[in-house]
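Let me begin by presenting the structure, written as structure tokens, before commenting on it.
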Amino acid sequence: MTRVLELEHITKRFGTVTANEDVSLHLEQGEIVALLGENGAGKTTLMSILFGHYTADVGTVRVNGAELPPGKSRAAIRAGVGMVHQHFALAPNLSVLENVMTGTEPLWKLRSDRAAGRAKLLELSQRFGLAVDPEARIADLSVGECQRVEILKALYNDAEVLILDEPTAVLTAQEAESLFATLREMAAKGLSLIFISHKLHEVMSASDRVVVLRAGKVVAERATKATSKEELAELMVGRAVKRPERPPARPGAVLLEAVDVTLGGKGGASLLGISFKLHAGETLGIIGVSGNGQTTLAGLVSGLYPPDGGALLVKGQTPARHDVPHAIAAGIGRIPEDRNVEGTIGDMSTWENAVLERIWSPEFSSRGVVKRAASKAATEAILRDYDVRGATVDGRIRLLSGGNMQKLILGRVLTAGPDILVAAQPSRGLDEGAIAGVHERLLDARGRGAGVLLISEDLDEVIALSDRIRAIVGGRLSPAIPAERANAQLLGLMMAGDWSAAEQIEAEAPPHEI
Amino acid sequence: MSLLFDILSSVGMWEAVLRIATPLIFGTLGVLLCERVGVLNLGIEGIMTFGAMVGWLTVYSGGNLWLGLLAAAAGGALFGLLHGVLTALLGLSQHVTGLGITLFASSFSYFVFRLAVPTASSPPTVEPFRAYPVPVLSEIPFLGPVLFNQTAPTYLALGLVAVLAYVLYRTPLGLAIRMTGENPHAVDAQGIDPIRLRIGTIMAGSALMGVGGAFLTLAAFNSFFPTMVQGRGWICVALVVFALWQPGRALLGALLFAFFDAFQLRLQTVVDGVPYQLFLMLPYVLSIVALIVMARRARVPQALMQPYRRGER
């Protein structure tokens, strides 16, 4: 084996914060190494040093034995290191080919050789099974396709070492699966890869070797075959992490009932006649591959859109109006699917984000004037009770990590004491410790007597939290099965639209539970 | 109706369209370049005034006409450098900086003008560009005098449209410019410095604005007065939106505006009983209408007005 990449004794400090301390790491040709660590463990900083975005205080980076000059990303590209950023560095209005070709030719060349660029792109796309249309506009592509373009961009620069920063953070489960197939293919063809992740199942299924980073230091290195999810989880968090257990449900009255609701898709797939009941004190899990109507369903229950047909009954009654203020007043709390877009306003302060949803309540304003002291005190209480770290009441909320932002949103929703809670993809992008925290809060809400509508594409999460589970497929809901009967295989069938087994199970269940 | 026909069929009318459009073409291409790289340049009104003054002053003090245009370009580029440093390097508000440059450049132009000619009661004149009939082509009936009996800077403006379109869409530099206007992070990740690219492009765009201004003093008229740009710069900013940030459409937009302007001038002289101010309004009203129609389909450069700072998202 040849050693293609070697990081030796890297130390990087930002002021008093040590992001990386004496980190050493190597990569052999044709190998896939997972860099595992919680958010804030220093994974991204380490890779940014490798790629020349930051300069290490101490330590060296070698590619194929030659030392890289620090702080020059052009040098890393020339040496054959490519980075696929977590936030895509793409131009939405330009074509795939244009995005890929930028910066690959001398700037003052009189004519850009598009034909050659196109040929090279198509050749790469064929060799690695990354199908793209070179002339397509980036804005018209799905997230998964955008990522393909990002990878192709690195390959186009003749990268032999590829670094992927949390490549699945924005992908659906299926897209992630196909990505990992591609990565294995690339490794088999001689490329060497490092992918950064905090998701254990990915690391277990896609890597040859795992390097665990905690608080800026390498705490362990394991061959993937010789380790287990449990061991890795413990190494990563530094203590044994247990997701909370679900106590038995004590279902009460029906809080929310959909009767044959149809709704044309609003930025998502349409709902084609769905019916379900949500009881007090229970969690109804909606499992499904993204793009099957989840976003529309969450929007419907949150009050964003009224149903086109059928009825949505809240506590047995049709709401006077289907809009957000009425939904909130009726006791519906929402954890939005995309916390950065719908959940928070990045450039506003933590306290403003914490109270904005209920700014008209007498608690936070009177006669059109905001009660700043009360608002800030309430925010302070959320930060304390929900263990939101790194946040100040007056600081901009975009500076928070995903996990802490989600804790704040949970705190904001749950302190209002909702009767119905819509949780859309509540643990997407969070690390193991944060997921356990979110799950605990959702179970608490249910224990308090709230009805929780959990919309998720994570099988483990849905099975762990839900009392009953329905699959959403093409805008329709499957029959409900009790969580005790659920397993990956059955849910997989349900998500694929085969509901015969589920129908049978539902028929066996006592009628009041449907 | 025959009145309208008389206006529309006169060679003079169409010849004027191209003449009126020339400074707009220069200015619009300048703004277009700046915006393609992600920077709004509201300094244009002032930079055009400065270009008009510098161009005129160069010729007035004995330089030849082409040297005048060159000086106007250099003067524009200098203000472009200032705008670039303030907005691209220091990340200041592009609106405020641009308006500041317009105010400063306009007043500064008048100041320099007064220093140069302290006593004149009527503005001193220079010998401007004369129409240059292109051999053979200008003999074509109707089209000949309209298209091929213009001043040299007009030919230059038309040629620049093609050159700029080629640079933007066919060269690596143009791709890097467009990419910077869309996502400077991506450009940086490929090893090109988006801040230097922005400053350079703003300077080039501002140079074009300067030349556009100089056309007024060295071809359209033959003297300088401080209010002569008369909002043409603002029209260019609007025309870029109308053009959907494409050079070919920018030419079309400039010609369209110029057409209405030439048309209303002639209407003023033949229609009685309507206040002439109403006719003056015509091109502006119509450009707002055109803007509404076109801007709905606009694909705005995604990083327009967003300062780029390394390491921040």
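The values are calculated or read from the model by the stated rules, or taken from the named source; none is laboratory data. Quick caveat, the model's predicted, so the values are computed rather than measured. Positions of Cβ are generated from backbone atoms using ideal geometry, with glycine treated the same way; all protein chains shown enter the neighbour counts.
Which condition does A:GLU440 not pass, out of (1) closer than 21 Å to A:LYS242 by Cβ; (2) surrounded by 20 or more Cβ atoms within 10 Å (Cβ to Cβ), if it passes all the others?
Just one mismatch for A:GLU440, condition (2).
Would you mind finding the one in A:SER427, A:SER375, A:SER361 that is small (Gly, Ala, Ser), in a loop (DSSP other than H, G, I, E, B) and farther than 24 Å from A:LEU278 by Cα?
A:SER361
For B:GLY144, state whether it is at pLDDT 95 or above and surrounded by 13 or more Cβ atoms within 10 Å (Cβ to Cβ).
no
Quick one: which strands (runs of 3 or more DSSP E) lie wholly within segment A:157-271 and hold at least 1 residues that are more than 30 Å from A:LEU312 (Cβ to Cβ)?
A:161-165, A:192-197, A:209-214, A:217-223
Only one of these conditions is not met by A:THR60: (1) farther than 29 Å from B:VAL187 by Cβ; (2) in contact with an Asp or Glu (Cβ under 8 Å, 6 or more places away or on another chain); (3) among the hydroxyl-bearing types (Ser, Thr, Tyr). Which number is it?
All conditions are met except number (1).
Any residue in segment A:467-484 that is buried (at least 21 other Cβ atoms within 10 Å of the Cβ), in contact with a helix residue (DSSP H, G or I) (Cβ under 6 Å, 6 or more places away or on another chain) and within 25 Å of A:LEU356 (Cβ to Cβ)?
no
Kindly establish whether B:ILE202 is touching a residue at least 24 places away in the same chain (Cβ under 8 Å), under 17 Å from B:GLY84 (Cα atoms), β-branched (Val, Ile, Thr) and touching a Lys or Arg at 6+ places or on another chain (Cβ under 6 Å).
So B:ILE202 does not fit the description; no.
Could you grab the pairs with beta carbons closer than 7 Å, sequence gap of 6+ or different chains, first residue in segment A:131-143 and β-branched (Val, Ile, Thr), second one part of a loop (DSSP other than H, G, I, E, B) and surrounded by 14 or more Cβ atoms within 10 Å (Cβ to Cβ)?
Correct list of pairs: A:ILE138/A:LEU90; A:ILE138/A:ALA91; A:ILE138/A:PRO92; A:ILE138/A:LEU94; A:VAL143/A:VAL170; A:VAL143/A:LEU171.
Of the residues A:ALA76, A:ALA66, A:ALA34, which is of a type in the set (A, V, I, L, M), within 20 Å of A:VAL237 (Cα to Cα) and assigned by TED's automatic domain parsing to the domain that holds A:THR227?
Exactly one of A:ALA76, A:ALA66, A:ALA34 is of a type in the set (A, V, I, L, M), within 20 Å of A:VAL237 (Cα to Cα) and assigned by TED's automatic domain parsing to the domain that holds A:THR227, namely A:ALA34.
For segment A:69-91, give me each residue that is modelled with pLDDT under 90, within 26 Å of B:ARG297 (Cα to Cα) and within 7 Å of chain B (Cβ to nearest Cβ).
A:ALA89
When you go through (1) at pLDDT below 85; (2) on the phi > 0 side of the Ramachandran plot; (3) within 10 Å of chain B (Cβ to nearest Cβ) one by one for A:GLY103, which number turns out not to apply?
Unmet condition: (1).
Mind listing just one residue for me: the one in segment A:395-437 that is modelled with pLDDT of 85 or more and hydroxyl-bearing (Ser, Thr, Tyr) and, of those, nearest to A:GLY333 (Cα to Cα)?
Residue satisfying both the conditions and the ranking: A:THR415.
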